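Asks: Pasting a structure here, questions to come.
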Amino acid sequence: MRKPVGNRQQRDDVLTADSNESNESCQAATWCAKVITLLPEAFPGTLGQSLSGRALANGIWELETIDLRRFGIGRHRSVDDTPVGGGAGMVMRADVLGPALRFAMDERRCQSGRWPVLCMSPRGEPLTQQSVRELAGMDGVTILCGRFEGIDERILQAFRIREVSIGDFVLSGGEIAAQALIDAAVRLIPLVLGNQASVNEESFSGGLLEYPQYTRPRIWEGLPVPEKLLSGHHEEIASWRLSQSRKLTRHRRPDLWRAYCRKLGVDPENWPGD
């Protein structure tokens, strides 16, 4: 960890002197997530547990956190200021975020189009399984975690940052959302899951929600496992599961159902079966 920096000029000199510290830290052949955050101690969090944690320990993927406070201005390392034009809350400063992003970015990789820069934001485009699959196929990703009222819009424009949302609700910051995105991407990296069939059969893999799952005991508090699943007839089981997936999707996610029907060339309001 570099020593505290007293003023802006000293800060810029120090960061320029060893700017390659971050750029070269991730191995070229390994998928890497770089997270710019005011809460580096929040990572790896749940990413250090279970499947993603074992894969991280085994070098299948890499995680780097960049403490935004290191790029703060003045004796108190300020990272935010009041909104221009008035309003509640504080806004993260462009002259703090800019140096942090440049420190994190490998220009060669970013220009190749295989290393996107994201910002977790409730106003962003929805994170979907398809977009997660695309991210998992990249060389890595840099994620900016916002705090306070938001970040200076000029940063998004200057660095062509893609805003991503995990849902129509507001969190205190982007760290939880970033962990959700990283976890979703990491599990799609080859060798992370022991059984690749799990990826192929789960929700959204075919445009539908996943069918209900059951295990032992056969009867629990008077509730039995569906007989179809006990038949041993693989085609009947597959047909039952597809039917259940369609029913769940139709009732719970009309948006996915319409997209699924369009792909099949069927009117979603006049579905013939299930």
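Asks: For region 211-223, what does the Karplus curve 6.51 cos²θ - 1.76 cosθ + 1.60, with θ = phi - 60°, yield as ³J(HN,Hα) per residue in whole Hz, taken in order and with x for Gly and Pro?
Replies: These are the phi-based 3J(HN,Hα) values: 5, x, 10, 9, 8, 5, x, 4, 10, 10, 6, x, 9 Hz.
Asks: Quick one: what are the phi-derived ³J(HN,Hα) couplings along region 134-140, Karplus 6.51/-1.76/1.60 with θ = phi - 60°, whole Hz, x for glycine and proline?
Replies: Result, rounded to whole Hz: 5, 5, 5, x, 7, 6, x.
Asks: Hey, of (i) 29, 25, 17; (ii) 43, 21, 17; (iii) 33, 23, 17, which did the structure itself give for semi-axes √(5λ) of the Cα gyration tensor in Å when calculated?
Replies: Identified label for the calculated read-out: (ii).
Asks: Right, something else. Show the residues, 5+ positions off or on another chain, whose built amide H is closer than 5 Å to the amide H of residue 147.
Replies: So residue 147 has HN proximity to no qualifying residue.
Asks: Sticking with this structure for a sec: Using helices alone, I'd like the mean residue ellipticity at 222 nm for the chain: each DSSP H run of four-plus residues gives -39500 (n - 2.57), total over residue count, nearest 500. Walk me through the intermediate numbers first.
Replies: Details: 11 runs with 99 residues, N = 274.
For the chain, the value works out to -10000 deg cm²/dmol.
Asks: ³J(HN,Hα) across region 251-264 via Karplus (A = 6.51, B = -1.76, C = 1.60, θ = phi - 60°), whole Hz, x for Gly/Pro?
Replies: 8, 9, 9, x, 5, 5, 4, 4, 5, 5, 5, 4, 4, 8
Asks: Taking the beta-carbon count within 10 Å as an exposure proxy, list 119, 26 from fewest neighbours to most. Before the final figure, lay out each step's value.
Replies: On the way: 119 25, 26 21.
The fewest-first ordering by Cβ neighbours comes to 26, 119.
Asks: About its Cα centre, how strong a charge dipole does the chain have in debye, to the nearest 20, once Lys and Arg get +1 and Asp and Glu get -1 at the Cβ?
Replies: Values: 34 positive and 35 negative charges, 8 e Å.
Using only the charged Cβ atoms, the result is roughly 40 debye.
Asks: Okay, next question. With +1 on the Cβ of every Lys and Arg and -1 on the Cβ of every Asp and Glu, and nothing else charged, how large is the dipole of region 211-274 about its Cα centre, in debye rounded to the nearest 20? All intermediate terms of the calculation are to be shown ahead of the outcome.
Replies: Details: 12 positive and 8 negative charges, 53 e Å.
The calculated dipole for region 211-274 is roughly 260 debye.
Where a number appears in this text, it was derived from the coordinates with a stated rule and is not lab data. As the structure is a computational prediction, the values presented were derived from the model and not from experiment. Reconstructed Cβ throughout: ideal geometry from the backbone, glycine too, with neighbour counts over all protein chains shown.
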